[in-house]
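Working notes, beginning with the structure itself.
The values are calculated or read from the model by the stated rules, or taken from the named source; none is laboratory data. Since this is a predicted model, take the numbers as computed values, not measurements. Using ideal geometry, Cβ is built from the backbone for each residue, glycine included, and neighbour counts are taken over all protein chains shown. For the accessible areas, the whole protein counts, side chains as well, though only heavy atoms, and no ligand, DNA or RNA atoms are used. Shrake-Rupley method; radii C 1.70, N 1.55, O 1.52, S 1.80 Å.
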Amino acid sequence: VLDKQWYQRRVRGAADIENVAPAPAAPVAEVAPTPAAAAPASVVSADGAYVEIPLTGMRKAIAKRLTQSKQEVPHYYLTVDIALDELMAIRGELNKSAPSKLSVTDFLVKACSNALLDVPQVNSQWGETAIRQYTNADISVAVATDTGLITPIVFGANTKGLKQINSDMTDLKEKASAGKLQPHEFQGGTFTISNLGMMGIQEFTAVINPPQSAILAVGAPQKKLVPADNEKGFEVSTVMNVTLSCDHRVVDGAVGAQWLKALKGYLEKPINLLL
């Protein structure tokens, strides 16, 4: 994840997730978090100036996959601001009576899945002789654990409501934190969301999670002055910055922009997510 220097058009190339039926490669963190027998102990240098921490299997896998992604996948980035005022209002109303509170990520998973059906080119994977386009949206959500990053999957998110997505996410996060995810729960996926907003990060770019073709980096909602049709000419709005990283072999710039437009529409008019 890298900070980025913005170009005027806010779109730039890679430079801050075989055949007709390509076999899916392992995602960034597709190493089952099975407990190690006895991890080698850290070693302190003789002068105490540093500590060498042995690499775990997961850390090696993350390093290998991220390096491969940046070296082999031609990344480019598209950024947009999304107003969340209506989403926050609807979420607040729903959470008044909901036993389990809906999160912004729950809305993101649903909105991304709908947008992937609207613009299926983004819900695709590169192969040597063909591009595989998926009919369901299986959304990987990046989760940080003590042993490293892992991406549990909400399968068929396009077929589920917000309540079911929330239930799936709660279960997956608990399993990820406890190291109890089964391989089928984090291997695969057709699209990834990486949300650092809860950590106060305003904007960032994310590394594509091969063999997927795109990943969405989500920043923290912020209060901003925006133009408005009132006496003052402006109003205060809750705005969230998102950046879509795309594989240019699969997703052309105009297609990525079309997908972001669809996502923005769902999040700014979230009533459509309830239909």
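Tell me the mean residue ellipticity at 222 nm calculated for the chain from its helices only (DSSP H runs of n ≥ 4, each -39500 (n - 2.57), averaged over every residue, nearest 500).
On the way: 6 runs with 81 residues, N = 275.
Calculated mean residue ellipticity at 222 nm is -9500 deg cm²/dmol.
What order, most packed first, do the peptides 206-217, 121-132, 144-155 have when packing is the mean number of other Cβ atoms within 10 Å of each residue? The partial results should precede the final answer.
Working: 206-217: 25.9, 121-132: 17.9, 144-155: 19.9.
Taking the mean over residues of other Cβ atoms within 10 Å, the ranking is 206-217, 144-155, 121-132.
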| remark: Reviewing (1) 21.3; (2) 19.8; (3) 18.7, the figure for Kirkwood radius over Cα pairs in Å actually calculated from this model sits under (2)
| task | Have a look at the stretch 161-275 and give its Rg and Dmax from the Cα atoms, expressed in angstrom. | result | 17.1, 57
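What percent do you get for the relative contact order of the stretch 59-192 when only Cα pairs under 8 Å and 6+ apart count?
Details: 145 pairs, mean separation 31.0, N = 134.
With pairs under 8 Å counted, the relative contact order is 23 percent.
Given the chain, what percent of its DSSP beta bridges are antiparallel, to the nearest 5? Before the final figure, lay out the partial values.
Values: 34 of 41 bridges.
Here the antiparallel bridges make up roughly 85 percent for the chain.
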| Tell me which aspartates and glutamates have Cα within less than 17 Å of LYS223's Cα, excluding those fewer than 8 residues away on the same chain? | ASP81, ASP85, GLU86, GLU203, GLU235, GLU268
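In whole percent, what relative contact order does the stretch 215-275 give with Cα contacts below 8 Å and a gap of six or more residues?
On the way: 53 pairs, mean separation 17.2, N = 61.
About 28 percent, as a whole number.
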| the stretch 93-164: relative contact order as a whole-number percent, Cα under 8 Å and 6+ apart | 28 percent
| note | Scattering profile of the stretch 115-227 from the Debye formula, Cα beads only, expressed as log10 I(q)/I(0) at q = 0.15, 0.17, 0.23 Å⁻¹, is -0.73, -0.91, -1.38
| field | Proximal lysines relative to LYS60, as straight alpha-carbon distance under 24 Å, when same-chain residues fewer than 8 apart are discounted | value | LYS70, LYS173, LYS175, LYS180
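What accessible area per residue, rounded to a whole number of Å², is obtained for the chain using a probe radius of 1.4 Å?
On the way: 14200 Å² over 275 residues.
With the other protein chains kept in place, the chain gives 52 Å² per residue.
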